[in-house]
Amino acid sequence: MIFSRAALCCSVLLLLGATGLVAREWKNSDGRTLEAEMLGVEKDCAVVALPNRQRASLRIADLSPGDQAWIKEWAVGKTTLQALPPALPLPANVQQAPIHVKGGALSDGEYTFSSKHYDFVCDAEMSTAVMNDFATVAEGTIKLLHSLPVKFPSLEGRTLQARIVQSRDNYARAGGPAGSAGVFMSNGRGEGVLLVPFESLGIVNFMGKNTKGDGYKATVLIHEMAHQVTSDLIPLMPRWMTEGIAEYAAMIPYRNGVFYLGERERVLAMRQRIEFYQQLTRAGVDFGGRWVMKPSELVRTASQQWDTTREGHDAQITLHRLYISSMYFTHYLLHMADNGDARRIRNYFHVVGDGSRWLRTRGREGSLPEEVESNERASLDEVRGMFLKALFTPDELDAIDADFDAKYRALGVGLK
């Protein structure tokens, strides 16, 4: 007899490749049995490989006392990172089928259209092709983020808000920061509005209709949507992580509803990105360093250096370095660290996700790291640093720096 579906704490996922482990019999508290191989422990679940090569997660609390004791013995001598199951292979691409939306004028002259997770409001009428593309980009970005090995908050039952405005003046009046291409304005509680002007997307007026111009691209939209999808976690994460996730998503090549996640496509995109900065160096932009910071330098950068309102050559150079460095480090954590198994960043997002739930439910769900609970007077930056210990400790940074440089050199991707 097999476990009932209620015994699974997560949906069953496809397990690619043989595990080489020995299967054992598992029994739940009702006496039902299941034959599966132990892969690891993730949060409060034992992750196992079924005989049909699928992966399932079993709540440890639902297992028999014997099985719970076996798991404790199995975990002896293993750190939390070592006990995690292997990451599932990333898909070569993430495809979103074209979305065809229906929109119409509102009474105040604005236009609205919707997709499964998004409500869009525009202050000027747009062509149907643009509306369809925005909706496809939105749902595709959500699919992309949820295909990664880290766990993002569920969007079930939620509708995200996006506002696309015709002019820079309207963008500024709506709260868009000067000099920015787009912004996600969070209310600090996991909600907010994405705001982007037409010019950042390459929308032009042609024969009286706002439509795609020659420079049309969805990069800014993808970046801000990544912020919006991860907004529940933003209060607990350092700026380099929030921008790193957004820059990573915007870096992944996107064409006609498809994000191309294969290594070849990612490496090519990163080479093109660093080539832009290398051209600046050749043109005489010199600051005595390299464009891509070492991880240790990036994570120790003071928060005020991220201020996008700072003016001057040095401030702008610093911002460019911070954004590209955040993207490189996030890509490293997702694809290159831990022999490509993403154990550090998976563990970090579990801990931050638990903390976010604790904050949203005022302690009814989720949990906080013990260090956070025992330091009630800690500043927000200090709290973020405490959560960051689930990703790395300060004494690990030298080794991470060395591995970071070596892995990118092996890929042939420049850092200077």
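The values are calculated or read from the model by the stated rules, or taken from the named source; none is laboratory data. Note that the structure is a prediction, hence the values are computed from the model and not measured. No Cβ is skipped: glycine too gets one built from the backbone with ideal geometry, and neighbour counts run over all protein chains shown. Just so you know, the surface numbers come from the protein's heavy atoms only, side chains and all, with ligands and any DNA or RNA stripped out. Shrake-Rupley method; radii C 1.70, N 1.55, O 1.52, S 1.80 Å.
Tabulated results
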{"quantity": "For SER115, residues with placed amide H under 5 Å, excluding near neighbours", "calculated": "PHE120"}
{"quantity": "Label-point gap, in nm, between ALA92 and ARG264 - each point 7 angstrom along Cα→Cβ", "calculated": "0.9 nm"}
{"quantity": "Residue-span extension gain [SER127 to LYS151] - 0.36 nm each, minus C-alpha spacing", "calculated": "5.1 nm"}
{"quantity": "Mean separation of Cα contacts under 8 Å (6+ apart) over length of the range 93-258, as relative contact order %", "calculated": "23 percent"}
{"quantity": "Simple Cβ-charge dipole of the chain, Lys/Arg +1 and Asp/Glu -1, about Cα centre, in debye nearest 20", "calculated": "680 debye"}
{"quantity": "Accessible carbon and sulfur surface of the chain relative to its total accessible area, %, 1.4 Å", "calculated": "50 percent"}
{"quantity": "Distance in nm between pseudo-label sites at ASP381 and ARG24 (7 Å out along the Cβ direction from Cα)", "calculated": "4.7 nm"}
{"quantity": "Diffusion coefficient, µm² s⁻¹, Stokes-Einstein with Kirkwood Rh over alpha-carbon pairs of the range 262-411 at 4 °C and 1.567 mPa s", "calculated": "74 µm²/s"}
{"quantity": "Size of electric dipole in the range 93-258: Cβ of Lys, Arg +1 and of Asp, Glu -1, about Cα centre, debye, nearest 20", "calculated": "280 debye"}
{"quantity": "Estimated 222 nm signal from helices in the chain, with DSSP H stretches of n ≥ 4 weighted -39500 (n - 2.57), rounded to 500", "calculated": "-12000 deg cm²/dmol"}
{"quantity": "Residues ALA399 and PHE287, FRET efficiency given R0 of 35 Å [Cβ-Cβ distance, rounded to 0.05]", "calculated": "0.85"}
{"quantity": "Partner lysines for LYS43 [C-alpha distance under 21 Å; skip if fewer than 8 residues away on the same chain]", "calculated": "LYS27, LYS72, LYS78, LYS151, LYS389"}
{"quantity": "Rg/Rh ratio calculated on Cα atoms of the range 93-258 (Kirkwood radius)", "calculated": "0.94"}
{"quantity": "Compactness relative to 2.2 N^0.38 Å, alpha carbon Rg of the chain", "calculated": "1.06"}
{"quantity": "Most positive-pole-ward Cα, ILE274, LEU90, LEU319, against dipole of the chain from beta carbon charges", "calculated": "LEU90"}
{"quantity": "Hz values of 3J(HN,Hα) by residue in the range 368-377 - Karplus curve (6.51, -1.76, 1.60), Gly and Pro given as x", "calculated": "10, x, 4, 5, 5, 4, 8, 10, 5, 9"}
{"quantity": "Principal axis dimensions, the range 301-368 - Cα atoms, whole angstrom, descending", "calculated": "47, 35, 13"}
{"quantity": "For GLN54, residues with placed amide H under 5 Å, excluding near neighbours", "calculated": "LEU15"}
{"quantity": "Net lengthening on full extension, ALA406/GLN54 (0.36 nm per residue, minus Cα-Cα)", "calculated": "123.3 nm"}
{"quantity": "Inter-part distance where the range 46-67 and the range 250-317 are each reduced to a Cα centre, Å", "calculated": "42 Å"}
{"quantity": "Added length on full extension, which subtracts the Cα-Cα distance from 0.36 nm per residue, LYS102 to ALA69", "calculated": "6.3 nm"}
{"quantity": "Distance between modelled label sites at LYS116 and SER367, nm, 7 Å Cα→Cβ extension", "calculated": "3.2 nm"}
{"quantity": "DSSP H segments from the chain that extend 27 Å or more along their own axis, Cα-based, with Kyte-Doolittle mean of -1.0 or above", "calculated": "128-147, 313-335"}
{"quantity": "Cα radius of gyration and Dmax for the range 32-83 (Å)", "calculated": "10.8, 30"}
{"quantity": "Residue-normalised accessible area of the chain, given per residue in Å² at a 1.4 Å probe", "calculated": "50 Å²"}
{"quantity": "Where trypsin sites (Lys or Arg not before Pro) fall in DSSP loop in the range 322-371, at most 16 other Cβ within 10 Å", "calculated": "ARG362, ARG364"}
{"quantity": "Karplus 3J(HN,Hα) series, Hz, for the range 154-164 with 6.51 cos²θ - 1.76 cosθ + 1.60 (x for Gly, Pro)", "calculated": "5, 9, 4, x, 10, 10, 8, 10, 10, 10, 10"}
{"quantity": "Dipole magnitude of the range 262-411 about its Cα centre (Cβ charges: Lys, Arg +1; Asp, Glu -1), debye to nearest 20", "calculated": "540 debye"}
